[in-house]
1. What average count of beta carbons from other chains do you get within 10 Å of the Cβ of residues in A:82-95?
2. Just report the Cα centroid separation between region B:241-256 and region A:261-323, whole Å.
3. Determine the equivalent ellipsoid of the protein assembly as shown by diagonalising the alpha-carbon gyration tensor, then write out the semi-axes as square roots of 5 times the eigenvalues, largest first, rounded to whole Å.
4. Using r as the Cβ-Cβ distance of A:Q13 and B:T18, and R0 as 41 Å, what FRET efficiency do you calculate, to the nearest 0.05?
5. Is region B:63-163 rounded, prolate or oblate when judged by the Cα gyration tensor, a ≥ b ≥ c being the square roots of its eigenvalues, rounded requiring a/c under 1.5 and prolate requiring a/b larger than b/c?
6. Please give the FRET efficiency for A:A230 paired with A:R22, using the beta carbon to beta carbon distance and R0 = 45 Å, rounded to the nearest 0.05.
7. I'd like the carbon and sulfur percentage of the solvent accessible area for region B:43-87, probe radius 1.4 Å, heavy atoms only, ligands and nucleic acids excluded.
8. Out of region B:527-562, which trypsin sites (Lys or Arg not before Pro) are coil in DSSP terms and have no more than 15 other C-beta atoms within 10 Å?
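The values are calculated or read from the model by the stated rules, or taken from the named source; none is laboratory data. Just so we're clear, the structure is a prediction, and the values are computed from it rather than from any experiment. Backbone-built Cβ (ideal geometry, glycine too); neighbour counts: all protein chains shown. Quick note on the areas: whole protein, heavy atoms, side chains included, nothing else; ligands and nucleic acids left out. Shrake-Rupley method; radii C 1.70, N 1.55, O 1.52, S 1.80 Å.
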Amino acid sequence: MAATVRAPARMFQRLQQLARPRAPEPLPARLDRRRIYVLPTAFGLFFFVLLLTMGVGALNYNNNPALLLCLLLAGTALASLLHAHLQLSGLAVQAIDAEPVPAGHPLALRVHARADVARPRRGLEVRAGDTSAALHLDDGAGEAVLELPTAQRGWLDIGRLRISTTRPLGLARAWSWVWPDTPLLVYPAPEAHGPPLPEGAGDNVQARLHAAGDDVHHLRNWRRGDSRRAIAWKPSARRDQLLVREYEQPQGADVVIDWRGTAELPYEARIRRLARWVDEAERDQRRYVLRLPGQPALGPARGALHRHACLRALALLPEATHG
Amino acid sequence: MRKPARAAVVDPRSLPVTARAWCLAASFACQLPLLLQLPGWLGLAVGALAAVVAAIAWKRRLPAPLRAAVALAAVGLVLAGSGFSLGRDTGCALLAAMLAIKPVELFSWRDARSLLGFALFAPFATFLLDQGPLSLLLGLAGALVALAALWRLAELDAAVPTNPLPPVHAVGRRLWLVGRLALVGLPLALAAFWLFPRMASPMWGVPERAIAKPGLSGEMGPGDWLDLMGDDSPALRARFFGPVPERMQLYWRGPVLTDYDGRRWSRAEWTQGLPPAEVRVGGPVWDYELELEPTDRRFGVTLDLPLAEPDGTRLGHDHSTTSWRPLSSLRRWRLQSAAPAAYETELRPMLRTMALRLPAGFNPRTIALARQWRAEAGHGVAADEAVVQRFNDWVRSDFAYTLATNLPGRHAVDEFLFDEQEGFCEHYAGAFVVFMRAAGIPARVVTGYVGGYYNRFGDYWLVRREDAHAWAEVWYEGRGWVRADPTAAVAPERIYDTIANLSDDGGAGLRGLADMWDVGDWMRRGWNDFVLGFDATRQRQLLQPLGIRDLEMHQLIVLFAALAGLALAWMLWLVARGERERDPVLRAWHALGARYARLGLAPAPHEPARDWSARVLAARPQDTTLATLSARFSDWRYAAHPANPAAARTLILDLHRYRPAETSR
């Protein structure tokens with residue numbers, strides 16, 4: 001049973017592979033007649049059967065007005081097919097981009113398109129996998145935002161994007177594939193709960209960190225893994241919740257986020273913990289170093305660029321080959 | 001308090017109000033022409049049902065059992081209304097009823113689209129019933145609204161919200177958009193219409209209309225013809241080639257009625273199998289083309305005595321035509337007819353007996369008077385003629401013409417001749433034949449049309465149903481059948497006069513009106529000619545004006561393919577025209593770039609005009625013209641102040657004119 005269901009699907013997939021483009025392509029990609037496909041929708045098929053019935057009836061009775069009506073409808077339907085084709089023709093996908101997100105979060109993929117010819121383009125839809133979004137082209141340019149689900153760190157394979165429309169009559173769908181070779185990165189999902197940042201990790205800075213006389217920077221909510229000593233009891237009593245003192249970090253007190261320091265965890269969990277530490281260090285505005293096996297250390301530095309470099313390195317770590 | 005039954009189960013993709021409104025409007029628009037074709041009460045009932053169902057379904061969703069009940073009731077209503085006879089009419093009425101109740105399940109996009117699909121069937125069904133101008137107009141309008149509704153559905157169904165227009169503009173604009181789409185498809189539709197191979201004979205039979213339109217019926221009873229004579233729609237049109245008959249000779253011969261049962265006249269069917277009686281032609285032969293409007297009966301009408309039967313018909317012994325099939329669509333016959341000098345001079349005894357037979361026990365006073373006249377006149381042809389003459393004189397002096405008559409009792413002819421002394425052709429013809437038979441002169445009733453209206457605009461004669469007439473034929477020894485029209489004796493103006501005569505003395509205003517009417521009917525005839533009457537035969541003769549007499553099937557297919565291809569190309573060109581660069585200067589500039597592309601020096605998309613010309617100049621030092629052109633082009637395109645139109649025009653010309661020399665390479 002399952003096999004019989006899957007066979008047409010596989011056929012369809014094989015057919016799809018024949019459709020252009022057959023390999024990832026650099027953007028911008030211009031849609032022209034060689035890569036625009038038009039096929040009737042289910043309603044289009046129903047309409048066709050309707051017209052066929054009418055036509056045979058009209059021919060049989062040699063009823064000319066009925067035949068004329070049928071042919072006019074058929075002519076209009078055909079014109080609508082061409083119309084649907086032209087909604088796509090001349091459209092160019094300029095670029096796609098997306099802010100990297102941790103795995104598990106939806107990735108907001110923006111598809112930028114523009115049309116060379118100022119023709120009204122109506123009802124354009126961009127689809128990737130199971131998600132779709134409308135593409136507005138108001139003044140010849142516009143964008144669609146697709147919420148793509150992400151499951152795994154690393155490069156996200158979005159495959160081919162389908163840009164389609166069923167306008168003007170809903171009788172046929174015109175579509176075209178775009179296969180951008182633009183890489184989209186998904187960061188590893190940070191560990192949800194974990195120990196705090198490894199302070200200094202082996203360097204002799206621990207003592208200086210909590211030395212008396214350091215300026216209290218601010219209070220923040222208690223998180224699991226905070227040391228009891230850092231809890232500010234008095235303010236906590238006033239606010240009815242545990243608050244923790246955060247201190248201004250002295251210069252040079254770099255956090256070292258080291259792959260080797262997490263040896264007790266499984267492979268992917270190690271990556272997730274490191275990702276969490278990167279985020280925490282960034283949030284605490286501290287400089288940090290990321291050490292990964294077989295790579296030069298990243299940093300010490302801080303800021304969005306450094307964070308991205310670190311998370312990218314984590315995201316692109318090879319898959320675990322053993323246990 | 002009504003509990004919100006099933007309200008919780010709302011379709012996530014339920015229809016927006018606009019979509020429902022469009023669907024209902026389209027369904028009504030498509031139904032309207034069909035409802036007009038149904039018998040009055042049924043049309044009203046179905047229309048009312050549609051309105052009620054739409055109003056209820058608009059507010060709330062009916063539970064399934066109630067929906068089924070409504071459907072059953074509607075079907076029952078239609079079946080009962082048509083007397084449980086299945087045919088084309090019942091089918092069409094059923095379609096209308098189904099369409100009327102379809103909106104009870106208008107919930108999803110799928111429902112909406114299927115409603116529109118079925119709605120498009122309504123104009124189609126209308127055309128099976130009627131092909132008049134009103135039906136055509138309403139039907140096409142309905143189809144247009146349905147397509148516009150499809151357009152709107154596609155708009156609403158897509159994820160993109162459309163810019164809101166004021167409702168009136170939105171409706172008009174959508175109709176215009178769809179109309180334009182239909183215009184794009186029109187050439188292909190027309191090519192297919194003229195050239196798509198037609199069936200010479202239908203695959204399955206044409207179901208007859210259950211409700212007949214008034215037409216000549218092959219019978220004549222009291223009051224039968226009042227319907228017919230009150231109908232001013234066209235019955236036939238005729239166009240003469242060569243001699244045209246006198247107005248007094250325009251007797252269009254239909255069924256000949258010989259049998260009389262005291263009340264009704266009917267055809268003697270058995271004589272239809274006999275070969276046509278022999279005729280000696282006197283006077284000119286009229287060559288004419290006849291166009292019969294559909295009647296759903298099999299009786300044809302021809303001018304006076306046809307010399308041969310038209311295609312697909314049989315000529316009876318009495319020279320009346322009977323078609324093999326009901327004349328349910330427009331028929332066109334090319335015929336020759338003539339007035340007879342002698343028509344069936346030898347009357348077979350059996351036919352003679354039949355033409356003298358009277359039912360016993362009817363009309364004693366008439367029979368008595370006829371016998372008295374016979375006795376006074378004596379015997380022989382001259383005596384027969386004297387009796388006929390005397391009857392006509394009597395009618396002329398004592399009788400009156402009126403359509404307002406009472407239904408007769410048992411002795412209909414007696415009552416007419418001696419009491420009422422007023423009536424119309426039915427009475428005169430019937431009484432005349434009864435009287436002559438009683439006097440021993442073979443006679444019979446002939447039905448058909450008399451006269452006609454000459455359309456000087458289109459050079460043809462129009463005969464309306466109201467021109468229906470009954471006259472008589474009497475048989476004289478040695479001369480055969482001779483036409484005798486007693487009605488003409490009492491009211492000649494009633495028979496021969498038509499609108500043309502009336503309008504002649506009606507003044508200039510009426511003349512203009514008549515002209516307009518002439519043009520209108522001429523256009524109707526053109527439509528008949530080009531569209532309604534187009535069939536396999538006419539298709540084969542399509543290229544006659546070009547000297548090709550008959551198109552073979554394969555030639556037809558080739559022609560069809562060629563024309564359909566052309567129409568498709570036209571469609572492509574028309575819709576793709578929008579691809580073209582709108583600015584003529586840019587177009588000319590791109591054309592120039594294309595010319596250089598042939599030399600391998602195409603401008604890159606990102607390359608400014610001056611950079612490109614500099615690059616070309618480096619490769620072809622003599623190409624200084626390009627440098628000036630590109631300078632002018634950039635000035636035109638990028639200068640801060642707008643260039644004057646004249647300069648733009650000369651720039652376009654120069655850009656088009658310049659050809660890079662190929663020899664220098």
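1. Details: counts 9, 6, 1, 3, 6, 0, 0, 4, 3, 0, 0, 0, 0, 0.
Counting other chains' Cβ atoms within 10 Å and averaging over A:82-95 gives 2.
2. 107
3. Numbers: eigenvalues 1626, 273, 103 Å².
Taking √(5λ) for each Cα gyration eigenvalue gives 90, 37, 23 Å.
4. Numbers: r = 38 Å, r/R0 = 0.93.
Approximately 0.60, to the nearest 0.05.
5. On the way: a/c = 3.94, a/b = 1.32, b/c = 2.99.
Because a/c hits 1.5 or more and a/b fails to exceed b/c, region B:63-163 counts as oblate.
6. Values: r = 59 Å, r/R0 = 1.31.
Between A:A230 and A:R22 the formula returns 0.15.
7. Values: 1900 of 2520 Å².
On region B:43-87, the fraction of accessible area on carbon and sulfur atoms equals 75 percent.
8. Values: sites: B:R538, B:R540, B:R549; in loops: B:R549.
Filter output for region B:527-562: B:R549.
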